[in-house]
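These notes are about the structure you will find just below.
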Amino acid sequence: MTGTEPEATIHRPGWVAARDRLASVEPAETRALLASAMDRVESGWTAVRDLQQWMERNREREGAEDDYGCLLTYVETEVRETFRSMAVALAQVAADWPESERASTDDVEGQLSAFVRYVTVLRLATESATVPPQFRELVRQAAPLGLAGEWFRQLSGVLRGTRTAPWPRRACRTRGRRWSS
């Protein structure tokens, strides 16, 4: 099931462009932080991708008025879409770093916070719902992305690091203040 991308993916032109842009981000410490954040998002995508592929193969059950149908809909509308929104926001930060305004990871952190809650709820709901065992196993494999998981702690730490990341030695405008280094 792993390896190929589902219909809905994070690997869109904006993500690819942001990855390409990373090479020109200065200083190197900032580049390393952004690259690490994007690496963590890509590592989390593998579990989300597997859930999305399952949902796409079982689309006829999506929206059904039983536990399984509701959970499939939840995977698509909450888990996958929130993860993709987080990836898009991070790609935007990397692509814009820093232009006329200081890029901010606030939106990324907000999406991350919602995503880890959704994964945790999905895991809890799946444990007590009547679902195929293979779906339950995919959810268990995604569980480390939840609130208690190392993935969340690592990505949160990297995002916090971008708040104090060094900026290029040039004047730039940020949030109404003039920065000059």
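The values are calculated or read from the model by the stated rules, or taken from the named source; none is laboratory data. As the structure is a prediction and not an experimental result, all values here were calculated from the model. Glycine also receives a Cβ, built like all others from the backbone with ideal geometry; neighbour counts cover every protein chain displayed.
The table for this structure:
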{"read-out": "Condition check for Y74: more than 20 Å from the chain's Cα centre (by Cα) and touching a residue at least 24 places away in the same chain (Cβ under 8 Å)", "value": "no"}
{"read-out": "Scope the range 148-173; condition surrounded by fewer than 14 Cβ atoms within 10 Å (Cβ to Cβ), within 20 Å of R117 (Cβ to Cβ) and either at pLDDT below 90 or touching a Pro at 6+ places or on another chain (Cβ under 7 Å) (or both); matching residues", "value": "A148, E150, R160"}
{"read-out": "Test for A35: is it without any contact (Cβ under 8 Å) to a residue 40 or more places away in the chain, crowded, with 16+ Cβ neighbours inside 10 Å and either in contact with a helix residue (DSSP H, G or I) (Cβ under 9 Å, 6 or more places away or on another chain) or among the basic types (K, R) (or both)", "value": "yes"}
{"read-out": "Residue in the range 78-96 that is surrounded by the most Cβ atoms within 10 Å (Cβ to Cβ), counting only those that are within 22 Å of A143 (Cα to Cα) and of a type in the set (S, T, N, Q)", "value": "T82"}
{"read-out": "Pair list, Cβ < 6 Å and 6+ apart or interchain, from the range 134-148 residues that are in contact (Cβ under 8 Å) with a residue 24 or more places away in the chain to residues that are of a type in the set (D, E, K, R) and surrounded by 15 or more Cβ atoms within 10 Å (Cβ to Cβ)", "value": "L138/D50; V139/R123; A143/R123"}
{"read-out": "Selected residue (criterion: surrounded by the most Cβ atoms within 10 Å (Cβ to Cβ)) from residues of the range 56-77 that are at pLDDT 90 or above and in contact with a Phe, Trp or Tyr (Cβ under 9 Å, 6 or more places away or on another chain)", "value": "V75"}
{"read-out": "Q134 being farther than 20 Å from L22 by Cβ, polar (S, T, N, Q), surrounded by fewer than 20 Cβ atoms within 10 Å (Cβ to Cβ) and in contact with an Asp or Glu (Cβ under 9 Å, 6 or more places away or on another chain)", "value": "no"}
